[in-house]
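S.K.: Supplied in structure tokens, the structure appears directly below.
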Amino acid sequence: MNISLPEKLKAFVDEQVAGRGYGTSSEYVRELIRREQDRQHLRRLLLDGAESAPGAPADSDYFEELRARARPTA
């Protein structure tokens, strides 16, 4: 895959590569794509959560139950 960039964007990418320790511009672009995938995944999870029915309240009893389950058994 080849991507053509205007000179101003190419200069920006080159600065990012040099300043952030990427070996090549391809590594930088791959990282941007991965971050976008993560952002979209998180957005989907948030939207799914917002559309779901309310769950049980997270009150002090809820957190105490979690602590009890997390404690090692003797």
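S.K.: State the label only: which of (i) 17, 53, 28, 3; (ii) 15, 24, 19, 16, 18, 9, 1; (iii) 22, 60, 18, 0 corresponds to P(r) over Cα pairs in 10 Å bins from 0, in percent computed from the shown model?
M.R.: Looking at P(r) over Cα pairs in 10 Å bins from 0, in percent for this model, the match is (ii).
S.K.: I've got another one for you. What's the carbon and sulfur percent of the chain's accessible surface, probe 1.4 angstrom, rounded to a whole number?
M.R.: Using a 1.4 Å probe with all protein chains present, the chain comes out at 55 percent carbon and sulfur.
S.K.: Still on this model: Helix 7-20 versus the longest principal axis of the chain: what angle, 0 to 90°, nearest 10, using Cα atoms?
M.R.: Here the helix axis deviates by roughly 60 degrees.
The values are calculated or read from the model by the stated rules, or taken from the named source; none is laboratory data. No experiment lies behind these values; they were computed from the predicted model shown. Heavy atoms of the whole protein, side chains included, go into the accessibility calculation; ligands, DNA and RNA do not. Shrake-Rupley method; radii C 1.70, N 1.55, O 1.52, S 1.80 Å.
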